[in-house]
Amino acid sequence: MTDNATPLATLLERAEDYSKTTLELFKLNTIDKSADVVSSLVSRLAIFIIVALSVIIISIGLALWIGKLLGDSFYGFFVIGGFYALSAFVLHIFRHQWIKYPISNSIIKQLLKQKQHEN
């Protein structure tokens, strides 16, 4: 009986080690993928903030210039505001096609992307 118990105990020990290693590998892969997605989103957010600030400053300058051409500065702000309202309406209509699907696809591609391991 002891001869059979030893190989069985060894097998169970190896199975336990294998399951612990597999679980640890799963955790590390999850952390890697999460870090990749979060870092990508943070970098895109930083670029978005810089572009948004640039657009705001350019919009103010453009509104003042248009207002000067039209005779009163608030006319320029109305024109720029109307342009942004029209842009928001068009963006709302095409939000799934232009925003939701590309962002979802980008996140899925990053999650499914295989890392290139260096030898």
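Residues to consider are 54, 106; find the one that is modelled with pLDDT of 95 or more, under 29 Å from residue 38 (Cα atoms) and in a helix (DSSP H, G or I).
Of 54, 106, the one residue that is modelled with pLDDT of 95 or more, under 29 Å from residue 38 (Cα atoms) and in a helix (DSSP H, G or I) is 54.
Does residue 47 satisfy the criteria of being over 16 Å from the mean Cα position of the chain (by Cα), assigned to a helix (DSSP H, G or I), closer than 30 Å to residue 84 by Cα and free of Cβ contacts under 8 Å to residues at least 24 places away in the same chain?
no
Annotation: of all residues in the stretch 38-73 being aliphatic (A, V, I, L, M) and within 20 Å of residue 107 (Cβ to Cβ), the one that is surrounded by the most Cβ atoms within 10 Å (Cβ to Cβ) is 41.
The values are calculated or read from the model by the stated rules, or taken from the named source; none is laboratory data. The structure presented is a predicted model; accordingly, all values stated were derived computationally and were not measured. Every residue, glycine among them, receives a Cβ derived from its backbone with ideal geometry; neighbour counts consider all protein chains shown.
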